[in-house]
1. Answer yes if at least one residue in the range 23-31 is buried (at least 20 other Cβ atoms within 10 Å of the Cβ), farther than 20 Å from residue 101 by Cβ and more than 10 Å from the ligand (Cβ to nearest atom), and no otherwise.
2. Report yes if residue 65 is farther than 21 Å from residue 350 by Cα, among the small types (Gly, Ala, Ser) and free of Cβ contacts under 8 Å to residues at least 40 places away in the same chain, otherwise no.
3. Restricting attention to the range 132-143, does a residue exist that is in contact with a strand residue (DSSP E or B) (Cβ under 8 Å, 6 or more places away or on another chain), loosely packed, with under 14 Cβ neighbours inside 10 Å and in a loop (DSSP other than H, G, I, E, B)?
4. Return the pairs, sorted by first residue and then second, in which the second residue is of a type in the set (Phe, Trp, Tyr), the first residue lies in the range 141-162 and is at pLDDT 95 or above, the beta carbons are less than 8 Å apart, and the residues are 6+ apart or on different chains.
5. Inside the range 43-57, can you point out the residues that are away from the ligand (no atom under 16 Å from the Cβ) and under 17 Å from residue 358 (Cβ atoms)?
6. Criterion first (more than 16 Å from the ligand (Cβ to nearest atom) and either within 23 Å of the chain's Cα centre (by Cα) or farther than 28 Å from residue 270 by Cβ (or both)) does residue 160 satisfy it?
7. How many of the residues making up the range 117-153 are polar (S, T, N, Q) and closer than 23 Å to residue 181 by Cα?
8. Do you know which of the residues in the range 45-57 that are within 14 Å of the chain's Cα centre (by Cα) and not hydroxyl-bearing (Ser, Thr, Tyr) is farthest from residue 84 (Cα to Cα)?
Amino acid sequence: MKLEAVELIRLNVPLKSAFRTSEGSVTVHEVVWVHAITDVGEGWAECAANALPDYSSEYHTGAGAVLQEFFIPELMKLGNKLTAEKVAPTLHWAKGHRMAKAALETAILDAQLRAANTSFATYLGAVKTKVPAGVSVGIMDSLPELMGFVEGYLAVGYLRIKLKIEPGWDYEPVKLVRETFGPDLLLQVDANTAYTRNDFDLLKRLDEFNLLLIEQPIEEEDILGHKKLADYINTPVCLDESIVSAGVARDAIELGATEIINIKPARVGGYLEAVKIHDIAQASGIPVWCGGMLETGIGRAANLALAALPNFTLPGDTSASARYFETDTTAPFVLVNGHIDVPTGPGIGVDPISEVVQRYTVSTAWVK
Ligand code: NPG
């Protein structure tokens, strides 16, 4: 196929409530979409890069710029020889910018699969038609406020709770949630790199709560530090930010630095790399789960397809549209008995609702 044009759309999508992590607080999901126009049809993707370079070095304006200046023109040069499988090898010369690369690859894969009348789920190797949903709960101003949110999420059926933690918001909230909702609640925590090697004793205190895992406790470059922590505490250590490629995943597993992996296709450069990580982890007996980056329906749809692969044995951050948005950009994903259906239509299986997209669009740019 041939890439004829790409529309980059900047959207500001309001969140229902502020989402606070150890890295900061967001009230509006500011995001770039990639709308690929090819000779076989159109494809869509949401680039996960945040407004600020706080989760990783990428940010939405930077992602838009690198796509416009380098990545899209490079793929256009392939003429009618383009396939989704060629995107990563063609852009490999460029260091980093994995979220930008992931979005472009995903939009092209969407166009390719729509033309072939094949779903992401089928293409990626999904074995489930619905996936168990967890929910990520931000840092709050008070414990009663936290309890209100957790209770509400459990009431609508979420199967696992992930609490965001940071120094000063860790032991007490985890203890309260564990004591209130009992030993059977699937409970995990996510520090987004907020701790250091000096905090191991503090993190060891969380062992008493029988957590599923602790996610990315210390900084992303410190893989060895995570290995030392994994040896020191009983709670399984799960890497997120650190795992930027299949190669890093392989090394972290071999070193014993990660006992579970959070796979976010955006963080690793796309769905094809994500499947490689899934396969490496599976071969090593390491369970994986699918992370989220506050994606609207366009991004969430493909994540659900990935989460249906066999080694995704833990509930993901694949929440329903209503967790974050009053009005999603696609038909909403809904929670039914704690599960969300994997889209079955061609490509990502959902379409943007144009009037909603127009309402949230801040600017558009065409690369032709
Ligand atoms: O459900 O989409 C979701 C969000 C889950 O907590 C979540 N995401 O650190 O994993 C994370 C966090 C995040 C959100 C990271 C936005 C980066 C951007």
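1. no
2. Criteria met by residue 65.
3. no
4. Listed pairs, sorted by first residue: 150/181; 154/181; 161/153; 161/181.
5. Residue satisfying the conditions is 44 alone.
6. In short, no.
7. Here the count works out to 2.
8. 50
The values are calculated or read from the model by the stated rules, or taken from the named source; none is laboratory data. Everything numeric here is computed off the predicted structure, so don't read it as measured data. All Cβ positions, even for glycine, are placed from backbone atoms using ideal geometry, and neighbour counts span all protein chains on display.
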